[in-house]
Structure formats: structure tokens, C-alpha cells
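Okay, so here's the structure we're looking at.
The values are calculated or read from the model by the stated rules, or taken from the named source; none is laboratory data. Model, not experiment: these values are computed from the prediction. Cβ sites come from the backbone with ideal geometry, for glycine too, and all protein chains shown count toward neighbours.
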Protein chains: 2
Amino acid sequence: MLKICVIGSSGHFRYALEGLDEECSVTGIAPGVPEEDLSKLEKAISEMNIKPKKYNNWWEMLEKEKPDILVINTVFSLNGKILLEALERKIHAFVEKPIATTFEDLEKIRSVYQKVRNEVFFTAMFGIRYRPHFLTAKKLVSEGAVGEIRLVNTQKSYKLGQRPDFYKKRETYGGTIPWVGIHAIDWIHWITEKKFLSVYATHSRLHNSGHGELETTALCHFTLEDEVFASLSIDYLRPHGAPTHDDDRMRIVGTKGIVEVINERVFLTDEKGHREVPLVEKGQIFEDFLREIRGQGKCMVTPEDSILTTEIALKARLSADTGQIVRI
Amino acid sequence: MLKICVIGSSGHFRYALEGLDEECSVTGIAPGVPEEDLSKLEKAISEMNIKPKKYNNWWEMLEKEKPDILVINTVFSLNGKILLEALERKIHAFVEKPIATTFEDLEKIRSVYQKVRNEVFFTAMFGIRYRPHFLTAKKLVSEGAVGEIRLVNTQKSYKLGQRPDFYKKRETYGGTIPWVGIHAIDWIHWITEKKFLSVYATHSRLHNSGHGELETTALCHFTLEDEVFASLSIDYLRPHGAPTHDDDRMRIVGTKGIVEVINERVFLTDEKGHREVPLVEKGQIFEDFLREIRGQGKCMVTPEDSILTTEIALKARLSADTGQIVRI
């Protein structure tokens, strides 16, 4: 039986809940900070008839529960600090992305992980990879459908709605490129398997509907090895009338074909024409994480992926903050 | 009766032929350089039963025919030099874009145009503006459908096929950003009506199927006034099996809605939902040009637009050549 504790209710804890099996037991939950609203998490576990102990202090929870796995999804700036604590305690961690909102925290994580990597595993919540359309695109590219990748265009577009107060401060939120854009950085890294060399980015807080320091729009331009270029457009301006919360897109242009993910569908254009591709089955990131913990397989999202994509996201944010091209 | 001469057969002369009326007479054609293949132009005018005199030397043609209008679409690097000659002779010009492939030629054009602007008119062949889907997008944005524009994503994707030899040298071709990308620069300028402040761009000649110095892919990142950002993805990798030659796209994200041009259709997403918008009627750029020449109206593409978009395209190319952010 794997003992699982959950810290926070501010991210994608549902990935963990949906991936639980009979050999998992959620024994404790706690907020990341005293004022964090845990109601979404409490409602979800109550509906699953799970009755963990509720702690007011996550540190005390770790001391008392001694979990095997820690699910970390609190105020974004704290996720990395708690991940560091988990790694130091040799607790496997399923942690919200970005895994750090500062270079300082990221370097500490990298350093500690180097020391404990044979004993402990962690993964960032890049659950979008496991959606059928992204798995299908990855499969097509891996099978050579586009030939050599030359250009990638990605998009993240979200409805803004009304976000918790901690989104309104860079110090607690981390920025829109690290919070929203990082998913597309992960797709580019995962699908191209190319090294990122540099980034130029811009972002703007204008028209953010009272969300303080939150950036409403951002644009990133990545240069990868082999003169492969990748664009990333990010916005919180998806209208409330839109049929879905998000409008995730990816277009992969290669020497033999173009694969496109749009409207949760996948299209391939090549010498045979343009057509929709049937989707493969969806995956589940927490199940994948459990497989790795149990020594039954490899999790598709690795600690190295989680560290690298966070680094790239923070460097993109740095570029946007400074107006400079940043080497990666 | 307006006397029209045509130089070259290497661009969009068809815009002019399609826009001719009874008050136009094509009296002469000539290559821009002796080796230029005029067969496409000759075939097209023959099918229209037009029988102009053919000259081997365009300079001689100008001397003898003294046209009212010059259609210029030869080897790209010459278009600006011939435009300059036209302006100096006070001949109205319908000229291929970019109107120059070097800053030096562009500055000469700007300078001469300043002196003759009350006597002569010219326009670059931005005919894509007049396609129903782009006119529809412009109309929607002008009517306030997206509110304040915050972000624009554009795409130019072409089949490469086998291009004439002059495409294989930067000196004669000018580059893929100025040749292909400039259209999207024009859309961004025309639809946002915002001042461009800077550009960061990259381009690559890899995998260009034996096309020498031609860039196969490019990515541009523009910063406009009011923290508006615009992306432009360019490629010649559209597979031969694709249903159309090009895959032009534009996505305009504003504070109240998103307008998207894709597959020659237009979609609007706003608080009322997501829907396709009926297209307005197409326009015709040469007819529009003739209206201005005849004092019957204003041409939608102005000399100022033609100069500015060429300048931005050349600065984007400079950015890609140098790896630096370039101020506009």
C-alpha cells in the first residue's frame, strides 16, 4: 500500500485522484499556506469517499504521516520549496508545473535531485501530454510522418475568469509563461527531442481584468538545435462564450509532412493529401507515475524533463522581463 | 485611355490583367533582364487577345511607349530599381512586393517619392488583402468585434516546387521573409493599425531542395505599440499533396473576441459563442489602383503602406541574418 498525502488545492490534484488504485491510500491533506482554500480538494475526495486526516500544517503532516508519495499543488511559488523538502525526505513527488518559480529554487532542486536520484522519483503535472490528440501527434512524429522537424507553432489560449488572489502577484503566481506557456514548452521538448538554444519572449499585463501583475498575453520564440524554430502564443483572452476553457494547438512542420493538433483533433498533410488521423487512447499521468514508483515501467514525464522545461520557462520569462534574447 | 506597360513575368502580373477595363490599353511588354522567361505573361495576354509590342529592353520601352502605368514584376531585386525609374519619370506603378530588396534601394524610393507624391502614385501587389476572408476579418475588426487587439498570430505556408534560378541567390531573390512573409506583415499593419516597434526573427536554408540561398523556414516576432505582439510563421514545406498551394492564416486576439482566418474561412469567438462569419465580396487590387489613378477613390494599399511593410520585412531579415533584435 502506497501512502499518499496531498498539499494544496490550487492545481491539478485531480490527475492524482483519477489515477488512484486499490494499492493507494490517501492518508492526509493540508494547505500549502494557512489561507489556502481547500474546498475543491475536500469536495473531490469526499465524493470518492476518501477520508484522509486534515492537517493545518503540511510540515506536521509529513512528520506524522510519513507518506510514500506527496502530491504538491499549492500557491505556485511554494510548489518548488515543498518539492525540495520531499526530495530531502526521499518522498516521491507528483508536483504542479512549473516545479519552481525562481532560478534559485530550481537550482536547489536540481542539486538535491542529483544526490537522491537513485532513491526518489518526481514528475511535474504535464498531464496534457496524455490527452489522445497529443499522444497521437507524438506517435505520428515518432513514426516519421513529418520527416525531419523544421518548425513548430504552439498555442495556449485560456479563459481568464476570476482567479485566486495569489495569481495577482508575480511573487506567488510566477508569471503566465511559467504557468500556462510551460505546457507548450513541454510539448515542443517532448515531440522534437531537440535541444533548446535560446529564447526571445514578450509579455503584457494590459487588460488583465483586475488581475494585478498577471500577464494576459505572451509570445515566445525558441531556437532549437539544427535551426529548428518554435513559436508559442499565450493568452488569457479566450472569450467566455467559447465552447471550451482552452484552445491548445500545435503544428509540427517537417520535411515530409505537417501534423496539426487543433480542436482536440489531429490532422496530417503529406504527399498523399490532407486528412484527419484517428486518435490513440488517452493515457493517465498519475498511473504512469505510479508505474515508475513501483518499478513496473518508465514514466513518460521524467524529473529531467520537469527540471528542463521549468528552466526554459523561467528563461523565457527573463527574456520577456528584460527585452533580451536569453541563451538556454 | 490609360497606356500600360508590363515589365517581367516573375510575379503577380495577373492582378493587373484581371483588373483591366475598356479604358486600359496594354501597349508594351519587356523582360526585366534579358534572360527572364516571359512565357507566362505572353500566354496570358495572348489568351486575352491583347497584342502589345514586345521589347527586349524595358528602358527602351519606357522611352518609346511613354506609358501612364507600369506593371513591374521581374527578378525581385530589380523591382525597386525599376520603380525608382518609374517614379522619376512620373509613371504610376503597380509593383511587386517587396518594393525593394535592399535598404539602399528603399531609401532612394522613399526619397524620390517624397518629391513626386503629388504627381504620381504606386502600390505594391498586396492582393491577398482583397480576398474575401481577409476583407471579412478587416471588416469585423473595424466594427469592434474583437475590442482592443492584443495579440496577432499569422502564418504563410507555401509549396516550394521548383523555383526559377533567381530564387537561389539572396542577391536576386531578396529572402523568404521579404518575399513570402511580407504579406503577413501587411495584414498585421493593415488590420491592427498599430505602429511596429521592433522585430526578432530567425530563418533557415536547411532542406530547401536544392534552392541555394533560399530560406525554407522563418519565424518573426513583432512588438507593436501598446504592448501588442504579433507572430509570423513562414515555411515552404507545405506538402505537394496538400489541397491548395498556400495555407494563409491570421488569428486576431482582442479584449472582446477572437477573429480567425483559416482555410479561406473566417470565424469569430466572443461572448455569444463561436461561429463562422459569412464572407464579404472579394475586391480587386488593380481596379482599386486604377480608381486612385483616375481620381475616383482611394486605393486601399498606399505607397506609404508599401514602403513601410518593405522596411519592416527588410528589418526582420536583418534580425534573422544577425541574430539581433532590430528596432523599427
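Are there strands (runs of 3 or more DSSP E) fully within segment A:79-197 with at least 1 residues that are within 14 Å of chain B (Cβ to nearest Cβ) and over 15 Å from the mean Cα position of the chain (by Cα)? List them. Walk me through it before giving the result.
Values: elements: A:92-95, A:122-124, A:149-157.
In segment A:79-197, the matching strands (runs of 3 or more DSSP E) lie at A:149-157.
With in contact with a Lys or Arg (Cβ under 7 Å, 6 or more places away or on another chain), over 25 Å from B:T216 (Cα atoms) and aromatic (F, W, Y) as the only criterion, which of B:Y130, B:Y55 stands out?
Values: B:Y55 fails: in contact with a Lys or Arg (Cβ under 7 Å, 6 or more places away or on another chain).
None of the other options fit; the residue is B:Y130.
Could you pull out the residue among A:L314, A:L279, A:L318, A:L308 that is over 28 Å from A:T223 (Cα atoms), out of contact with any Asp or Glu (no Cβ under 7 Å at 6 or more places or on another chain) and at pLDDT 95 or above?
Working: A:L314 fails: over 28 Å from A:T223 (Cα atoms); A:L318 fails: over 28 Å from A:T223 (Cα atoms); A:L308 fails: over 28 Å from A:T223 (Cα atoms).
Result: A:L279 is the single residue among A:L314, A:L279, A:L318, A:L308 that is over 28 Å from A:T223 (Cα atoms), out of contact with any Asp or Glu (no Cβ under 7 Å at 6 or more places or on another chain) and at pLDDT 95 or above.
How many of the residues in segment A:254-273 are surrounded by fewer than 19 Cβ atoms within 10 Å (Cβ to Cβ) and in contact with a strand residue (DSSP E or B) (Cβ under 7 Å, 6 or more places away or on another chain)? Working first, answer last.
Here is the first cut: in segment A:254-273, the residues surrounded by fewer than 19 Cβ atoms within 10 Å (Cβ to Cβ) are A:255-256, A:262-265, A:267, A:271-273.
Now restrict to residues that are in contact with a strand residue (DSSP E or B) (Cβ under 7 Å, 6 or more places away or on another chain): A:255-256, A:262, A:265, A:267.
Of the residues in that region, 5 qualify.
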Any idea which of (1) among the acidic types (D, E); (2) in a helix (DSSP H, G or I); (3) touching a residue at least 40 places away in the same chain (Cβ under 8 Å) is the one A:E213 doesn't satisfy? (2)
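In this structure, does B:V112 turn out to be modelled with pLDDT of 95 or more, outside the structural domain of B:H221 (by the TED database) and in contact with a strand residue (DSSP E or B) (Cβ under 8 Å, 6 or more places away or on another chain)?
Values: modelled with pLDDT of 95 or more: yes; outside the structural domain of B:H221 (by the TED database): yes; in contact with a strand residue (DSSP E or B) (Cβ under 8 Å, 6 or more places away or on another chain): no.
When the stated conditions are applied, B:V112 does not pass them.
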Scope segment A:137-158; condition surrounded by fewer than 16 Cβ atoms within 10 Å (Cβ to Cβ) and either closer than 25 Å to A:G241 by Cβ or in contact (Cβ under 8 Å) with a residue 40 or more places away in the chain (or both); matching residues: A:K139, A:G144, A:E148
Give segment A:274-327 a look and list any residue that's surrounded by 14 or more Cβ atoms within 10 Å (Cβ to Cβ) and either within 14 Å of chain B (Cβ to nearest Cβ) or of a type in the set (G, A, S) (or both), or say none. A:H274, A:G283, A:S306, A:A313, A:A316, A:S319, A:A320, A:D321, A:I325, A:V326
Among the candidates A:L290, A:L314, A:L279, single out the residue that is touching a residue at least 12 places away in the same chain (Cβ under 8 Å) and within 30 Å of B:F267 (Cα to Cα). A:L279
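Which residues, taken from segment A:231-250, are hydrophobic (A, V, I, L, M, F, W, C) and either at positive phi or at the interface with chain B (Cβ under 8 Å from one of its Cβ atoms) (or both)? Spell out the reasoning first.
Initially, segment A:231-250 is screened for residues hydrophobic (A, V, I, L, M, F, W, C), giving A:232, A:234, A:237, A:242, A:250.
Correct list: A:L237, A:A242.
Conditions (1) surrounded by fewer than 20 Cβ atoms within 10 Å (Cβ to Cβ); (2) under 26 Å from B:P303 (Cα atoms), marked per residue:
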position: B:H183; (1), (2): no, yes
position: B:I188; (1), (2): no, yes
position: B:E193; (1), (2): yes, yes
position: B:N208; (1), (2): no, no
position: B:T217; (1), (2): no, no
position: B:C220; (1), (2): no, yes
position: B:L224; (1), (2): no, yes
Failed item in (1) more than 30 Å from A:E271 (Cβ to Cβ); (2) surrounded by 15 or more Cβ atoms within 10 Å (Cβ to Cβ); (3) within 14 Å of another protein chain (Cβ to nearest Cβ), with B:S204 passing the rest: (1)
Select, from A:L20, A:L41, A:L70, the only residue that is within 18 Å of A:A86 (Cα to Cα) and at pLDDT 95 or above. A:L70
